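Please read the structure below before turning to the comments.
Read-outs: derived from the displayed coordinates by stated rules, not from any lab. No experiment lies behind these values; they were computed from the predicted model shown.
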Amino acid sequence: MAHIIKDFFTGSLILVALTLAAFVGFILFFILNIFFHIFGALVIVFFFVFLLFFAIWLVGFLYRKIKETGKS
């Protein structure tokens, strides 16, 4: 009879531990979900900012190249 009670308590302890681990995992994934949504929005913003900088640089570069070829 003692092994039945021992098995019952061991099984209960394992289920409680797994439930707590699942809850911690849920909270962790929830926090990561929020973080990566913010990170994804920042990636879009930085893409457009760098696209603007690239366009400004490209206009200056092309202007300089056209000016240099006109002199020679």
Reported label for calculated Rg and Dmax of the Cα atoms in Å given (i) 15.4, 49; (ii) 31.5, 107; (iii) 30.4, 102: (iii)
Working out 0.36 nm times the residue gap between SER12 and VAL45, then minus their Cα-Cα distance, what length gain in nm do you get to one decimal? 6.9 nm
Degrees separating the helix 2-71 axis from the principal Cα axis of the chain, which is the longest one: 0 degrees
